Amino acid sequence: MSNQPEGQGPVIDFEAAFEDDDAFYFADYAFEDYLTLVAFWVLICVVFLQFFTRYALGDSITWTEEIARYLLILVGFIGSVMAVRKGSHIMVEFFYHYMPPWLVRILTISVDLTCVFFYMMLSWVTYQLAGRTGGMMISVDVPKSVLYYAVCAAFVMMALRGIQRMVKHYLARPSQFKQG
């Protein structure tokens, strides 16, 4: 039996849910965090404008759908730069728990090196693709290559953040790689 009054659901302590929140410091975040935040809020405004003009006014603005699509692409790629910096991309950690620290270090650095190579390769491919793209966006007079150059810049930033992580892993003591 519970000691709650009859007919009431569980009592939720909302104050306890926010006790562990750290204070906000601008220095804890990097350039790409703020760039992603701005792109995300512009995306929200464009989608709201599209929704409002379509359902409230009965006639949607033509450019909102295309711009929303491109902004979503930018949020995804610039957000990936954040994930590279934080090391929060998806990975399989199962085997790391059963390896000795020296092997975890070697594997971590080799994975970092492979990722950096992959980001550099994709930045080169998107740069070439942007150079070959000559078409304009359908609803606004902006070249499509602008989007490809933005994706290329995101891959370059991912490579730079990947190099930072690789150096951090290289300089770390092997005992820091011991997984719980």
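Overview of values
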item: Residue that is most open to solvent (accessible area, probe 1.4 Å) [pool: residues in the range 74-113 that are over 19 Å from the mean Cα position of the chain (by Cα) and among the hydroxyl-bearing types (S, T, Y)]; result: Y98
item: Only one of Y127, Y70, Y96 that is under 26 Å from W41 (Cβ atoms) and not charged (D, E, K, R); result: Y70
item: Residue in the range 101-123 that is under 16 Å from I73 (Cβ atoms), in a helix (DSSP H, G or I), at pLDDT 90 or above and touching a helix residue (DSSP H, G or I) at 6+ places or on another chain (Cβ under 9 Å) present; result: yes
item: Counted residues, the range 130-152 - those being part of a helix (DSSP H, G or I), of a type in the set (G, A, S) and surrounded by fewer than 17 Cβ atoms within 10 Å (Cβ to Cβ); result: 1
item: Cβ pairs under 6 Å, 6+ apart, first in the range 79-105 and under 23 Å from C152 (Cβ atoms), second among the polar types (S, T, N, Q); result: G79/T36
item: Members of the range 122-155 found to be in contact with a Phe, Trp or Tyr (Cβ under 8 Å, 6 or more places away or on another chain) and either over 21 Å from V81 (Cα atoms) or aliphatic (A, V, I, L, M) (or both), listed by number; result: L122, L129, A130, T133, M137, S139, V140, L147, A150, V151, A154
item: Residues (assigned to a loop (DSSP other than H, G, I, E, B), open to solvent by 70 Å² or more (accessible area, probe 1.4 Å) and not polar (S, T, N, Q)) located in the range 40-73; result: L57, D59
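The values are calculated or read from the model by the stated rules, or taken from the named source; none is laboratory data. Just so it is clear, the model here is predicted, and its values are computed rather than measured. A quick note on method: Cβ atoms are made from the backbone with ideal geometry, for glycine too, and the neighbour counts reach across all protein chains shown. Ligands, DNA and RNA are excluded from the accessible area calculation, which covers all protein heavy atoms including side chains. Shrake-Rupley method; radii C 1.70, N 1.55, O 1.52, S 1.80 Å.
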